[in-house]
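Just so it is clear, none of the values below were taken in a lab; they were calculated from the coordinates. Predicted model only: the values in this text are computed from it and were never measured. Every residue, glycine among them, receives a Cβ derived from its backbone with ideal geometry; neighbour counts consider all protein chains shown.
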Amino acid sequence: MNCCSCHNHIHAKALQDSESGSLNPFLRESMHAFSLRKSVGVQTLQALLEKTDPGKEEIVWQGGDCEVCSPRNGKAFGLGWDNPPPLHPQCDCFMYVRKRRR
Ligand SMILES: [Zn+2]
Ligand SMILES: [Zn+2]
């Protein structure tokens, strides 16, 4: 009944410690910074889509030196990708508008 609660305290402390070190050492960009950049990317794509004439222009993916991004490099929106950059923390890909070649 009157058992010692030290165990719980130690457990809570351990949890706290592991959370303060929650930044994945493989990701130098925090998920927070990434999600901010991601929302900018989504807005940028929307703005580009609004001002782009799909009959004459296309939005092209530029960049990508990892296996996730490199297949999208040089591909037009809708043909190879529809999720705007950045795709992941540290991603430095961007989009640009190019005249369609006929
Ligand atoms: Zn990448
Ligand atoms: Zn990328």
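Points to keep in mind about this one:
- Judged by the ratio a/c of the largest to the smallest principal axis of the C-alpha gyration tensor, the range 27-99 counts as oblate, that ratio being 1.5 or greater while a/b is no larger than b/c.
- Counting other Cβ atoms within 10 Å as a rough exposure proxy, the listed residues Val40, Val60 run Val40, Val60 from fewest neighbours to most.
- Charge sum, other residues only, whose C-beta stays under 14 Å from Gln46's C-beta, Lys/Arg counted +1 and Asp/Glu -1: 0
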